[in-house]
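Q: Quick one: the structure is below, and I'll ask about it shortly.
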Amino acid sequence: MTAPERTLLSVIFVPVLLIIPVFLTAGEPVSEAPRCAVEMKADSILNLLTLEEKVALLHANSKFTSTGVPRLGIPELASADGPTGVREELERDSWEPLNLPTDSATFFPAGPSLAATWNVGLARRYGEALGEETRARGKDILLAPSVNIIRTPLSGRNFEFFTEDPVLNAEIAVAYIQGLQSRDVAACIKHYAVNNQEFNRWRVDVLMNERTLREIYLPVYRAAVERAHVLSFMGAYNKFRGWYLCENDYLLNDVLKKEWGFKGIVISDWGATHSTIDAAMHGLDIEMGSRGDYSSYHFADPLLKAVREGDVPVSVIDDKAKRVLYVMLRCRTMSEDRQQGSICTPEHFKTAYDVAAESIVLLKNTDSVLPVQVQKIRKLAVLGENAVHRHAIEGFGAGVKTKYEMTPLEGLKKKLGDRVEILFAQGYREKYNFLETGMRWRIRVPDNDPDSVLIREAVEVARGSDAVIIFGGSNRTIESEASDRRDMALPFGQAELIRAVTAVNPNTVLVLIASAPYDLTAVEPVTSAILWGWFNGSEAGSAMADVLTGDVNPSGKLPFTMPVRLEDSPAHALDAYPGEDNAVYYKEGVLVGYRWFDTRNIDPLYCFGHGLSYTDFTLSSFKTDKTVYGQDESIQLECRVKNTGHREGAETVQIYVHDTKASVLRPSKELKAFQKVVLKPGRQQTVRFSLNIRDLAFYDDMRREWKVEPGQFELLFGTSSRDIHGSMMIDVE
Ligand code: BGC
């Protein structure tokens, strides 16, 4: 068929297309309609498009949109950055904010905070709220969640990611995506895949064995496709086994599209496309970028040329264009009754509060310093720059122009200001030195020289107070996209501040606001109570004040291991970070995070899954339904949790598995399931889990399949990876 004939045909079909939206709105929402019906609709629209129109769907036409088909009333596909809130409006062709009075959004707690709640229901609410805000801003895709495994404490983007563990990662991500997509928005899970360091991310070739890939790095993506039906993927900047991720035939075509049956679109990270023919043939669908000359993009004129010259078959273009239409239909971009969303509502701020409150981790509480005994205090010293620092927009990359962000000092004043005299001293100064990167920008590295004047002033305030709370930690300039930290040092000389203050007032609580491990060796021994506070969103200050004063009982659990020293963590112990000659080999294999620490018997400062409460719990009555299982069976297991203390609280029961004998090196334990229960004092509850025997498998590199070797497995019931209360032995035939 010639181009004019096609155009003519499409004109004839316009009335048909105009009927489609009506048809779509008539029955159940398309987002819930059977997927094959949506595919058929995508096919029928595809038949109306010219080659030029199809190619136009496949590349950016502004910073955050790709072209629609104006002739047929098909709108642009518009995205916005997440993952912790909908990014403000930027100029169409630059990174400059438009400074609109109408584009504020809720700042939701960052990735590890959400994972630290270990609350899947809350992750779903988080996704729903984000979906509503995305729609209210008229966008179709939220570029979130950000799910790369936390492999090294230093990765600049750990503050966006969830965890070091693949099961916790998948559970949180699936709920987040389901929530988001229930609001007629497409999630864009990123960054596929193995983008675990920011250092040299544009070039580094990431290498590992297949087993490591399958057991640690891919499960979250597979779960997103198979369980959450995620609609889009973002291809990462780095390479994997020699190929850039946006032209990686193995990961995009073989694994994602063929093996997992992904029907949505693969979008490049901004400027991550390096070729036309390879990228087109190897599975990329849409090229996004930062340059303004959109027609010169690999997937614009060069792609059209490649098709005309026979280097890329039309069928490949059809497949991509159909995927774009499929995503549009599934999030109902052409439907009149598409959900319109809402933004900055009290409900969204409440969700942000609930996540923040449940994410705060009580790391240490000797002598029951916490909760702060408000009735016994007249003067409270609040020290440290992080008591007044806002974290919504900072560093490189996306932030959130939030309507408000309550700081810890504001939260405490609001809560206690009428009863307690609150004295603030800055304690340390945020200051930086600049480091050349060899790229177009320099990175800021913290200057760790203590400020003796500020320390002296803070010590005086602490000396005259009944209780002290120090807010230290980090910020989003230090933990930022595009650069890794150079070490785990607590920045700005704050260790000296903490030591000096605790020496004059032992009634001191340390609150660390950060989203990655820091070296606490100098401060942990001198501090009786430590709370981990994260970059916790719009309601960070009120949630923190409620936990400090005991109105909220902390229930967060660490989603990553806090090592004593950087050299204890696997990638650093094995000198497998950041790689050399533009390649990094993940020598630790599957021994990531606690899998390494436990198997190698290295004590962390705080282990994965650790988090205390103001009450106490016991676990007892450990049971499995049988003792011998076949390969296709499932295990029903249960235990009883009792709140033996005097306050209501929540405990997360964590089920780990230990394969007692295997033909390959297996981690000494692996998380397989978890559940959070809320209990009033004195109450108990039976917690039940169901595990498939298949969940106990390892990936057999040689045979390229999952394998459960017959033999004994130990099922461990814990409240952290190192606090195991009981176990059951089972046999697999
Ligand atoms: C980041 C992505 C982000 C994109 C658009 C890239 O630098 O890696 O996560 O979505 O920019 O802002």
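The values are calculated or read from the model by the stated rules, or taken from the named source; none is laboratory data. Here the structure is a predicted model, which is why all the values come from computation and not from measurement. Heads up, the Cβs are rebuilt from the backbone with ideal geometry, glycines too, and the neighbour counts pull from every protein chain shown. Areas reflect the complete protein model, heavy atoms only, side chains present, ligands, DNA and RNA absent. Shrake-Rupley method; radii C 1.70, N 1.55, O 1.52, S 1.80 Å.
Q: Aspartates and glutamates near K431 by alpha-carbon distance under 16 Å, same-chain residues fewer than 8 away left out - which ones?
A: Partners within reach: E385, E394, D447, D449, D451, E479, E496.
Q: Just how much of I602 is accessible, in Å², when a 1.4 Å probe is used and the result is rounded to the nearest 10?
A: Roughly 40 Å² of I602 is accessible to a 1.4 Å probe.
Q: For Cα pairs less than 8 Å apart in space and 6+ apart in sequence, what is the mean separation divided by the residue count of segment 617-732, i.e. the relative contact order in percent? Spell out each step's value before the answer.
A: Values: 265 pairs, mean separation 37.7, N = 116.
Once divided by the residue count of segment 617-732, the mean separation gives 33 percent.
Q: Same structure again: When a/c is below 1.5 the answer is rounded, else prolate if a/b is larger than b/c, else oblate, so apply that to segment 237-347 with a ≥ b ≥ c taken from the square roots of the Cα gyration tensor eigenvalues. Show your work: numbers first, answer last.
A: Working: a/c = 1.65, a/b = 1.60, b/c = 1.03.
Cα axes put segment 237-347 in the prolate bin.
Q: Please check which bits of segment 288-309 a label hung off D93 would reach, taking the label as a point 7 Å along Cα-to-C-beta and the cut-off as backbone N under 15 Å.
A: 289-297
Q: Restricting to bridges with both residues inside segment 617-732, how much of the DSSP beta-bridge set is antiparallel, in percent to the nearest 5?
A: Numbers: 41 of 43 bridges.
Rounded to the nearest five, the antiparallel share is 95 percent.
Q: At 1.4 Å probe size, with every protein chain present, just tell me what the per residue accessible area of the chain comes to in Å². Walk me through the intermediate numbers first.
A: Details: 26400 Å² over 733 residues.
For the chain, the solvent-accessible area averages 36 Å² per residue.
Q: A further question follows. Going by a ≥ b ≥ c, the root eigenvalues of the Cα gyration tensor, does segment 579-637 fall in the rounded group (a/c under 1.5), the prolate group (a/b larger than b/c) or the oblate group? Provide the component values of the computation, followed by the final result.
A: Numbers: a/c = 3.52, a/b = 1.42, b/c = 2.47.
Since a/c reaches 1.5 but b/c is at least a/b, the shape of segment 579-637 is classed as oblate.
Q: Sequence gap at least 6, Cα distance under 8 Å: using those rules, report the relative contact order of segment 508-586 to the nearest whole percent. It would help to have the intermediate numbers written out before the result.
A: Working: 58 pairs, mean separation 20.6, N = 79.
Answer for segment 508-586 is 26 percent.
Q: Oh, and also: Which of the lysines could a cross-linker bridge to K239, judged by Cα under 16 Å and excluding same-chain residues fewer than eight apart?
A: K190
Q: Could you pull the accessible area for K350 with a 1.4 Å probe, rounded to 10 Å²?
A: About 100 Å², ignoring ligands and nucleic acids.
Q: Calculate, for R463 and D551, the FRET efficiency according to 1/(1 + (r/R0)^6) with r their C-beta to C-beta distance and R0 30 Å; round to the nearest 0.05.
A: Numbers: r = 28 Å, r/R0 = 0.94.
Step by step, r from the Cβ atoms, then E = 0.60.
Q: When the solvent-accessible surface of protein heavy atoms is calculated with a 1.4 angstrom probe, in what order do C188, C344 fall, highest first?
A: Values: C188 0, C344 20 Å².
Accessible-area ranking of C188, C344, largest first: C344, C188.
Q: Separate question: Between A489 and M439, what is 0.36 nm times their sequence separation minus the Cα-Cα distance? Round to one decimal in nm. Walk me through the numbers before you get to the answer.
A: Numbers: separation 50, 0.36 × 50 = 18.00 nm, distance 2.50 nm.
Fully extending the segment from A489 to M439 adds 15.5 nm.
Q: If you don't mind, there's one more thing I want to ask. All other residues with a Cβ under 11 Å from the Cβ of V120 taken together, and with Lys, Arg as +1 and Asp, Glu as -1, what is their net charge? Mind dumping the intermediate values first?
A: Details: positive: R124, R125, K676; negative: E171.
Net of charged neighbours comes to +2.
Q: Something else: Given the pairs K257/K350; K41/K350; K587/K642; K63/K305; K258/K626, which span a C-alpha to C-alpha distance of over 30 angstrom in this model?
A: K257/K350; K41/K350; K587/K642; K258/K626
Q: Across segment 519-529, in residue order, what do the Karplus-derived ³J(HN,Hα) couplings come to in whole Hz, using 6.51 cos²θ - 1.76 cosθ + 1.60 with θ = phi - 60° and x for Gly and Pro?
A: After applying 6.51 cos²θ - 1.76 cosθ + 1.60, I find 7, 9, 4, 7, 10, 4, x, 9, 10, 7, 9 Hz.
Q: Quick one: work out the % antiparallel among DSSP beta bridges in the chain, nearest 5. Write down the numbers at each step before the final one.
A: Working: 60 of 102 bridges.
Taking every DSSP beta bridge within the chain, about 60 percent pair in antiparallel fashion.
Q: Given the options I74, A224, V185, identify the residue whose Cα lies farthest towards the positive end of the charge dipole of segment 3-330 (+1 on Cβ of Lys, Arg; -1 on Cβ of Asp, Glu).
A: A224
Q: Additional query: Mind ordering 442-449, 102-109, 142-149 by average Cβ neighbours within 10 Å, highest first?
A: The packing order, highest mean first, is 142-149, 102-109, 442-449.
Q: Mind listing the long-range amide H neighbours of R157? Cut-off is under 5 Å, sequence gap 5 or more, other chains count too, H placed in the peptide plane at 1.01 Å from N.
A: It is E198, by chain and number.
Q: Given R₀ = 51 Å, FRET efficiency for D625-K305 by Cβ-Cβ distance, to 0.05? Walk me through the numbers before you get to the answer.
A: Details: r = 63 Å, r/R0 = 1.23.
Result of the calculation: an efficiency of 0.20.
Q: Can you spot the aspartates and glutamates whose alpha carbon is less than 16 Å from K415's alpha carbon? Ignore those fewer than 8 places along the same chain.
A: Those aspartates and glutamates meeting the cut-off are E405, E539, D546, D551.
Q: Could you work out the Kirkwood radius for segment 3-330, taking every pair of different alpha carbons, averaging 1/r and inverting it, reported in Å? Don't skip to the end; give the middle numbers.
A: Working: mean 1/r = 0.0499 Å⁻¹.
So the Kirkwood estimate lands at 20.0 Å.
Q: Could you state the orientation-averaged shadow area of the convex hull built on the Cα atoms of the chain, in nm² to one decimal? Walk me through the numbers on the way to the answer.
A: Working: hull surface 127.1 nm².
In nm², the orientation-averaged hull projection of the chain is 31.8.
Q: Give me the percent of the accessible area of the chain that comes from carbon and sulfur atoms, probe 1.4 Å, all protein chains in place. Before the final figure, lay out each step's value.
A: Working: 13270 of 26400 Å².
Answer for the chain is 50 percent, counting heavy atoms of protein chains only.
Q: Size of the dipole of segment 3-330 about the Cα centre, Lys and Arg at +1 and Asp and Glu at -1 on the beta carbon, nothing else charged, in debye to 20?
A: My answer is approximately 380 debye.
Q: Hey, got the dipole for the chain? About the Cα centre, +1 on K and R Cβ, -1 on D and E Cβ, debye to the nearest 20?
A: Details: 83 positive and 99 negative charges, 228 e Å.
So the dipole magnitude of the chain works out to roughly 1100 debye.
Q: Starting from the amide H of N209, placed 1.01 Å from N in the peptide plane, find each other amide H under 5 Å away whose residue is 5 or more places distant or on another chain.
A: It is none; the list stays empty.
Q: Taking H as built 1.01 Å from N, whose amide H comes closer than 5 Å to the amide H of I74, not counting residues under 5 places away?
A: V69
Q: Show that you can apply the helix-only estimate: for the chain, add -39,500 (n - 2.57) for every DSSP H stretch of four or more residues, divide by all residues, and state [θ] at 222 nm to the nearest 500. Please list the in-between numbers first.
A: Numbers: 17 runs with 186 residues, N = 733.
Estimated from H runs of four or more residues: -7500 deg cm²/dmol.
Q: Identify, among I498, T660, H59, the residue whose Cα sits farthest towards the positive end of the charge dipole of the chain, taking +1 on the Cβ of Lys and Arg and -1 on the Cβ of Asp and Glu, with the dipole about the Cα centre.
A: I498
Q: Ok, one more. Relative contact order of the chain: what whole-number percent is it, with Cα pairs under 8 angstrom and at least 6 residues apart? It would help to have the intermediate numbers written out before the result.
A: On the way: 1793 pairs, mean separation 103.7, N = 733.
Reported relative contact order: 14 percent.
Q: Set the Förster radius R0 to 22 Å, insert the Cβ-Cβ distance between T521 and T366 as r into 1/(1 + (r/R0)^6), and round the FRET efficiency to 0.05.
A: Working: r = 17 Å, r/R0 = 0.77.
It comes to 0.85.
Q: Can I ask one more? Extending each Cα 7 Å along its Cβ direction at Q685 and D731, get the distance between those two points in nm, one decimal.
A: According to this spin-label approximation, the distance is 3.6 nm.
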